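The values are calculated or read from the model by the stated rules, or taken from the named source; none is laboratory data. No experiment lies behind these values; they were computed from the predicted model shown. Because the Cβ atoms are built from the backbone with ideal geometry, glycine has one as well, and the counts that use them run over all protein chains shown. When the accessible area is computed, the model is the full protein with side chains, heavy atoms only, and any ligands, DNA or RNA have been set aside. Shrake-Rupley method; radii C 1.70, N 1.55, O 1.52, S 1.80 Å.
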Amino acid sequence: MRFGYWLPVFGGWLRNVDDERMSPTWDYVRTLARRSETWGYDLTLIAELNLNDIKGVRAPSLDAWSTAASLAAVTTTLELMVAVRPTFHEPALLAKQAANIDHISGGRLSLNVVSSWWAEEAKQYGVQFDRHDERYARTREWLTVVDGLWREPDFSHRGHYYTIEGAVLEPKPVSRPRPTIYAGGESEAAKDLISNLSDAYVMHGDAPNLIERRIQDMTRRREQTGKPPMTFGVAGYTIVRDTEAEARREVDRITDVKQSAAGYGNYQQWVANTQLEQRLSLEDYSVSNRGLRSGLVGTPEQVLAQVEAFAGAGVDLLLLQCSPQLEEMERFAAQVIAPFRRQRLIANRAHQLAAR
């Protein structure tokens with residue numbers, strides 16, 4: 001099991017809390033990324049939106065790609081999973097840019113390919129907005145071009161969306177055969193694309209038994225392609241407290257929708273332009289990516305047990321959110337990650353001894 005976190009490019013993840021004491025600034029994310037390496041985190045996901053999805057469209061937010069390039073130069077072990085939306089990036093230019101950042105990082109770049117959902121943002125930035133299934137058709141062709149440029153000495157492509165004539169991309173990425181491609185989605189179009197063209201499947205938060213069913217489904221789909229097995233990640237919002245009552249009080253605080261409604265319009269657009277398997281609740285509105293559904297709330301012992309349940313379900317990566325991140329990520333690392341890894345180390349040693 002690896003542990004990752006969402007970089008707070010929007011200044012937080014709570015739609016009902018205006019000030020989470022984690023400003024969307026270079027100083028804050030640089031400090032967080034550097035400290036997270038010492039705490040034992042493996043990866044950070046850098047979301048890509050030009051408008052602030054959480055705090056409202058007039059609130060500041062950081063650019064994903066320039067932030068990723070900057071973090072590549074000031075970190076040493078952290079995997080940088082950068083979100084990329086095909087409608088916002090020509091594939092050949094993005095392949096070049098990503099390969100360069102991969103070299104800066106020493107092979108630590110990966111992509112989270114996201115099909116755009118926010119029509120208003122696309123309109124404001126003068127970008128084509130494709131409807132749901134057409135977005136996935138574009139993404140399929142976009143990935144074909146990026147992958148071809150990363151792998152082939154000369155690459156040509158003539159398709160519905162893109163035409164590439166004898167393109168040369170050098171240097172190739174450090175990561176071989178290519179940087180890891182993550183993607184998520186719950187529609188049939190998304191799952192078909194991901195099982196064929198991605199390396200890893202990332203999911204919104206849910207209970208371990210539901211996540212296990214999705215992993216089993218995607219594993220079957222992947223086996224039918226004849227390609228190597230995928231890895232699986234799931235989002236979760238963490239609240240670790242000394243008592244269960246303290247943790248529940250924090251849940252009540254952050255899900256009080258009377259505090260702020262700045263992000264509700266953006267949330268409604270996301271729901272309208274996605275095809276999700278489940279209906280959403282006010283808790284899902286309050287905390288992004290259905291994070292509370294993962295059940296990472298309670299005492300250290302309770303949260304550790306839930307992490308173990310996710311590991312047993314086949315999850316390879318937990319993508320965490322919390323607030324404020326510097327304080328809560330340090331707490332989670334000390335009270336959950338470190339004990340989890342100790343338990344795994346002891347179990348592995350016992351297994352090795354038994355096998356002798």
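Here are a few things to note about the model shown:
- Filtering segment 298-333 to residues that are without any contact (Cβ under 8 Å) to a residue 60 or more places away in the chain, in contact with a Ser or Thr (Cβ under 8 Å, 6 or more places away or on another chain) and buried (at least 19 other Cβ atoms within 10 Å of the Cβ) leaves nothing.
- Candidate set: segment 149-179, residues that are free of Cβ contacts under 8 Å to residues at least 12 places away in the same chain and of a type in the set (D, E, K, R); chosen: the one surrounded by the most Cβ atoms within 10 Å (Cβ to Cβ): E152
- Leading residue by the ranking (nearest to L318 (Cα to Cα)) among those in segment 182-201 that are touching a residue at least 24 places away in the same chain (Cβ under 8 Å) and surrounded by fewer than 18 Cβ atoms within 10 Å (Cβ to Cβ): E186
- Residues that are of a type outside the set (F, W, Y), open to solvent by less than 10 Å² (accessible area, probe 1.4 Å), within 30 Å of L345 (Cα to Cα) and not in a loop (DSSP other than H, G, I, E, B), drawn from segment 1-16: G4
- Positions within segment 285-332 being farther than 27 Å from P229 by Cβ, out of contact with any strand residue (DSSP E or B) (no Cβ under 8 Å at 6 or more places or on another chain) and at pLDDT 95 or above, in sequence order: E301, Q302, P324, L326, E327, E330
- Criterion (open to solvent by 10 Å² or more (accessible area, probe 1.4 Å) and outside any loop (DSSP other than H, G, I, E, B)) met by exactly one of D27, D19, D53: D27
- Some residue of segment 113-128 being among the charged types (D, E, K, R) and touching a Ser or Thr at 6+ places or on another chain (Cβ under 9 Å): no
- Checking the stated criteria, T38 turns out not to satisfy the condition of being surrounded by fewer than 21 Cβ atoms within 10 Å (Cβ to Cβ), assigned to a helix (DSSP H, G or I) and either of a type outside the set (V, I, T) or under 20 Å from the mean Cα position of the chain (by Cα) (or both).
- Selected residue (criterion: farthest from the chain's Cα centre (by Cα)) from residues of segment 102-112 that are farther than 13 Å from T44 by Cβ and surrounded by 22 or more Cβ atoms within 10 Å (Cβ to Cβ): D102
- Only residues that are out of contact with any strand residue (DSSP E or B) (no Cβ under 6 Å at 6 or more places or on another chain), part of a helix (DSSP H, G or I), open to solvent by 70 Å² or more (accessible area, probe 1.4 Å) and modelled with pLDDT of 95 or more were counted in segment 213-252, giving 7.
- Out of A59, A95, one residue alone is of a type outside the set (D, E), in contact (Cβ under 8 Å) with a residue 60 or more places away in the chain and touching a Gly at 6+ places or on another chain (Cβ under 7 Å). It is A59.
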